[in-house]
Amino acid sequence: MSRILVVEDESAIAELISINLRHAGFEVMIAATAEQAQAAVDGVLPDLVILDWMLPGQSGLALAKRWRSDARTREMPVIMLTARADESDKVAGLDAGADDYLTKPFSTNELMARIRSVLRRKAPEALDSAVEVGPLKIDPATRRVTRVIDGEVREVKLGATEFRLLHFFMTHPERVHSRSQLLDRVWGDHVFIEERTVDVHVKRLREALGPVQCAPMIETVRGAGYRLTGQAEAMLMAAAKALSA
Ligand code: CA
């Protein structure tokens with residue numbers, strides 16, 4: 001389930017947003033100040049933040065800037081809310097690193113549409129769309145992982161953590177992810193879990209992918225972390241051909 005942090009000091013607005021988000025299947029955390037928001041993010045990295053510009057104390061704008069300058073939160077999607085409608089304010093918000101910008105009052109439908117659009121662009125693992133990489137297909141809606149071999153659909157059985165891990169890999173293919181990034185994005189917590197936990201689950205994931213010949217898609221990148229590649233099959237076939245030639 002995707003986690004959304006709502007940072008808004010007006011409790012009526014925060015409640016309205018969170019009711020709609022929960023209804024749409026999101027898990028919601030609420031923070032009323034920049035300090036509370038930072039504490040929430042320090043604990044568990046959300047999939048997306050809805051951030052009000054006008055907060056008591058530190059402003060939402062300053063908070064967005066701080067998050068963009070920190071490696072851990074740099075990629076965290078942020079949608080900024082504001083009562084201001086000035087074009088210059090919008091530019092300032094986007095300059096501070098907001099991915100999108102909504103002026104109050106806004107309709108719930110518009111907010112939900114913006115959230116889906118930002119997630120599709122920046123955190124596709126938080127959405128339920130089916131994804132294909134190389135020969136492998138994952139469908140979060142049905143929780144199925146499949147590969148077609150000789151015209152037959154073969155299903156891969158995965159535990160909950162391995163499923164989330166594979167889903168994250170497949171929505172961010174060909175990129176190297178460090179163990180701490182994986183803890184943040186897959187487990188949602190970088191503090192309380194040891195990095196070797198990642199290795200344990202990667203090993204289980206490879207074992208589960210073995211029967212459908214997809215284990216080589218998960219590559220270990222020495223000194224850096226792990227990567228999922230859709231090119232592995234082509235490479236393996238080339239290697240097999242070279243051997244048999
Ligand atoms: Ca406010």
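Bear in mind these aren't lab numbers, they're just calculated from the coordinates by the rules spelled out. Given the structure is predicted, the values throughout are model-derived calculations rather than measurements. Cβ coordinates were reconstructed from backbone atoms using ideal geometry, including for glycine residues, and neighbour counts include every protein chain displayed.
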- Once you charge only the Cβ atoms, +1 for Lys and Arg and -1 for Asp and Glu, what is the size of the charge dipole of the stretch 131-244 about its Cα centre, to the nearest 20 debye? 60 debye
- Message: I need the shape label for the stretch 131-244. Rule: rounded when a/c is under 1.5, else prolate if a/b > b/c, else oblate, with a, b, c from the alpha carbon gyration tensor.
- Response: oblate
- Note on the structure: Pseudo-spin-label distance ILE13 to ALA71, built 7 Å along Cα→Cβ, given in nm, is 3.5 nm
- Could you compute the FRET efficiency for GLU132 and ARG154, with r as their C-beta to C-beta distance and R0 at 22 Å, rounded to 0.05? 0.90
- Can you tell me what the convex hull of the Cα atoms of the chain projects to on average, as an area in nm²? 15.3 nm²
- Work out the length of the dipole vector of the chain about its Cα centre, built from +1 on the beta-carbon of each Lys and Arg and -1 on the beta-carbon of each Asp and Glu, and round it to the nearest 20 debye. 820 debye
- Summing +1 for each Lys or Arg and -1 for each Asp or Glu, what net charge is found among the other residues whose Cβ lies under 12 Å from the Cβ of VAL221? +2
- At what distance in nm do the modelled label points of GLU174 and GLN231 sit from each other, each positioned 7 Å from its Cα along Cα→Cβ? 0.8 nm
- By how many nm would the segment from ARG206 to SER88 lengthen if fully extended, with 0.36 nm per residue of separation less the alpha-carbon distance? 37.4 nm
- Task: May I ask you to compute the full-extension gain from ASN20 to ALA113, defined as 0.36 nm times their residue separation minus their alpha-carbon distance, rounded to one decimal in nm?
- Result: 32.3 nm
- Result: in the chain the number of Lys pairs with C-alpha under 25 Å apart, spaced 8 or more or on different chains, is 10
- Can you figure out the FRET efficiency of GLU219 with ASP95, using R₀ = 35 Å and their beta-carbon distance, to the nearest 0.05? 0.40
- Task: Distance from a point 7 Å along Cα→Cβ of GLU35 to each backbone N in the stretch 1-24: keep the residues under 16 Å and list them by number.
- Result: 8-9
- For the chain, modelled as a Gaussian network with Cα springs under 10 Å, which listed residue fluctuates most, ILE19, ILE138, ILE149? ILE149
